[in-house]
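J.: My questions will all concern the structure given below.
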Amino acid sequence: MSTWKETALVIFEVLRRQDQQKFERVAVTLAGRKRPYISEDKDKLRKPEIIPSTSLYFETNLSAIYMAKLCYTLVQEMGFKSTTLQFEVEA
């Protein structure tokens, strides 16, 4: 994958396939200080992108650090250890 958005979409898909109901329930609880990271209402996000096979949108206007943090948090909230997810970044 060449972007953090693409990476997040792959992670979301893997987690959704594990348990779609839990994924949708947990995902909408993730929020920053001012707005949600994932929402059913795309108008609550600055730059929304649909999460395939769901009615959810996620915020793509995030730095690499926040996108990675979102992925780690979602993995943990889905019941997996944070060490389950590892990123390799090429310079």
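The values are calculated or read from the model by the stated rules, or taken from the named source; none is laboratory data. Because the structure is a prediction, the values reported are computed rather than measured. Every residue, glycine among them, receives a Cβ derived from its backbone with ideal geometry; neighbour counts consider all protein chains shown. Areas reflect the complete protein model, heavy atoms only, side chains present, ligands, DNA and RNA absent. Shrake-Rupley method; radii C 1.70, N 1.55, O 1.52, S 1.80 Å.
J.: Does residue 42 meet the test of being modelled with pLDDT under 95 and open to solvent by 30 Å² or more (accessible area, probe 1.4 Å)?
T.: Details: modelled with pLDDT under 95: no; open to solvent by 30 Å² or more (accessible area, probe 1.4 Å): yes.
So residue 42 fails the test.
J.: What pairs can you find where one residue is in region 77-89 and in contact (Cβ under 8 Å) with a residue 12 or more places away in the chain and under 14 Å from residue 12 (Cα atoms), the other is open to solvent by less than 100 Å² (accessible area, probe 1.4 Å) and assigned to a loop (DSSP other than H, G, I, E, B), and their Cβ atoms are less than 8 Å apart, with a gap of 6+ or different chains?
T.: From region 77-89, the pairs are 77/29; 77/30; 78/19.
J.: Can you tell me which residues in region 9-41 are among the small types (Gly, Ala, Ser) and part of a helix (DSSP H, G or I)? Show your work before the answer.
T.: Here is the first cut: in region 9-41, the residues among the small types (Gly, Ala, Ser) are 27, 31-32, 39.
Matches in region 9-41: 27 only.
J.: Further question: Which of (1) open to solvent by less than 50 Å² (accessible area, probe 1.4 Å); (2) under 9 Å from the mean Cα position of the chain (by Cα) does residue 72 not meet, given it meets every other one?
T.: (1)
J.: Mind counting the residues in region 45-67 that are aliphatic (A, V, I, L, M) and buried (at least 18 other Cβ atoms within 10 Å of the Cβ)?
T.: So the count comes out to 5.
J.: Among the numbered criteria (1) assigned to a loop (DSSP other than H, G, I, E, B); (2) under 14 Å from residue 4 (Cα atoms); (3) of a type outside the set (A, V, I, L, M); (4) in contact with a strand residue (DSSP E or B) (Cβ under 9 Å, 6 or more places away or on another chain), which single criterion is violated by residue 87?
T.: Status for residue 87: all satisfied but (4).
J.: Report the residue count in region 1-36 for those that are touching a helix residue (DSSP H, G or I) at 6+ places or on another chain (Cβ under 7 Å), among the aliphatic types (A, V, I, L, M) and open to solvent by 60 Å² or more (accessible area, probe 1.4 Å).
T.: 1
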